[in-house]
Every structure is written in C-alpha cells, then in structure tokens.
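Student: Below you will find the structure I want to go over with you.
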C-alpha cells in the first residue's frame, strides 16, 4: 500500500509546471465562464496528487509520462515542498467546490479560483511555487522538521538574494 500512496521525490519540475499550466487554464475557464463545477474536477486532481503523486491523477500522468519527456531532460526538484503545495491546492479547490456546489456562494468560489489562477500561473510561467516558499518558511521557523526534506534544509542558499547594502 505504501508503494501506491507515495509522493515522488524528487519531482520533475517540468511535469510540475505542466500540471500548473493546465490547472491555471482550467481555473481561469471556471472564473470566466461561471462553470464552477470545474472546482470539483480540480479538487479531485489536487487530492489525488497529494495522496499518491501522479498515480491517480490523469493530468499528473499526462504531464509526467507524455509532456515532460518531450520538454527535454528531467529537472529534479525536492518532492516534499511540491506535495505541500498540492495539499494547499487541494484545500483551496475543495473549499471552492463546496462554496459553489453545496452552498451556492459563487462569488467566494470565484475568488478562490482566481487566487489559484495567479499562483498556478506563477508556477507554470516562472517556476515560482508559492506553496514551496511557504514550506521553506515553515522549515526555517521550525514548524516542519528538517528530516522532512533534507534537500530543503539549504533551500535559501539556492535562492539568489539581493546583496546587503553598504
């Protein structure tokens, strides 16, 4: 069972950015058309990817097995921050689906999906994973133990910082 419900580590960043691009497009489609049922589809994908990586996610499988290999060599990145980001997406989209489909709070669902569009676009276009940055901040604060992601312990030294003033 552990082999089924595991998240890959490392993750191919090209596959992650492909997933983010499709998520951004689907969330934007929901916002622009009012087809808020798309939130439920997105929620399923995020929950599936959080629990088992791409195993039960058609989008994850497509990104990992079809699209990413055509984009060139793998670009490995630590898995735990990506899983954390997927869990945030699962929470946001599940809440949006409940707001839209159960409570009929369409405006609240649309706001959540709009936020998702922004963050997924940042990941897809610029490789900026906001959930991963939050994960790093939580590690730095000691909320997430260092053994959760050994490769992440030194994440701040990999991120260029502005030079200190004179």
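The values are calculated or read from the model by the stated rules, or taken from the named source; none is laboratory data. Fair warning: this is a prediction, and the values are worked out from it, not measured in the lab. FYI the Cβ positions are ideal-geometry reconstructions off the backbone, even for glycines, and counts take in every protein chain you see.
Student: Which one of these does residue 59 not meet: (1) in a helix (DSSP H, G or I); (2) over 18 Å from residue 132 (Cα atoms); (3) touching a strand residue (DSSP E or B) at 6+ places or on another chain (Cβ under 6 Å)?
Tutor: Evaluating residue 59 over (1) in a helix (DSSP H, G or I); (2) over 18 Å from residue 132 (Cα atoms); (3) touching a strand residue (DSSP E or B) at 6+ places or on another chain (Cβ under 6 Å) leaves (3) as the failure.
Student: Given the structure, is residue 138 closer than 25 Å to residue 63 by Cα and either modelled with pLDDT of 95 or more or surrounded by 13 or more Cβ atoms within 10 Å (Cβ to Cβ) (or both)? Working first, answer last.
Tutor: Working: closer than 25 Å to residue 63 by Cα: no; either modelled with pLDDT of 95 or more or surrounded by 13 or more Cβ atoms within 10 Å (Cβ to Cβ) (or both): yes.
For residue 138, the condition - closer than 25 Å to residue 63 by Cα and either modelled with pLDDT of 95 or more or surrounded by 13 or more Cβ atoms within 10 Å (Cβ to Cβ) (or both) - is not met.
Student: Just one of the numbered conditions (1) at pLDDT 95 or above; (2) over 18 Å from residue 77 (Cβ atoms); (3) in contact with a helix residue (DSSP H, G or I) (Cβ under 9 Å, 6 or more places away or on another chain) is not true of residue 50; which one?
Tutor: (2)
Student: Given the conditions (1) on the phi < 0 side of the Ramachandran plot; (2) under 12 Å from the mean Cα position of the chain (by Cα), report the number of the one that residue 53 does not fulfil.
Tutor: Every condition holds for residue 53 apart from (1).
Student: Within segment 70-85, how many residues are assigned to a helix (DSSP H, G or I), surrounded by 14 or more Cβ atoms within 10 Å (Cβ to Cβ) and either free of Cβ contacts under 8 Å to residues at least 12 places away in the same chain or in contact with a strand residue (DSSP E or B) (Cβ under 6 Å, 6 or more places away or on another chain) (or both)?
Tutor: Result for segment 70-85: 2.
Student: How many residues does segment 1-53 contain that are outside any helix (DSSP H, G or I), in contact (Cβ under 8 Å) with a residue 12 or more places away in the chain and farther than 22 Å from residue 126 by Cβ?
Tutor: Of the residues in that region, 10 qualify.
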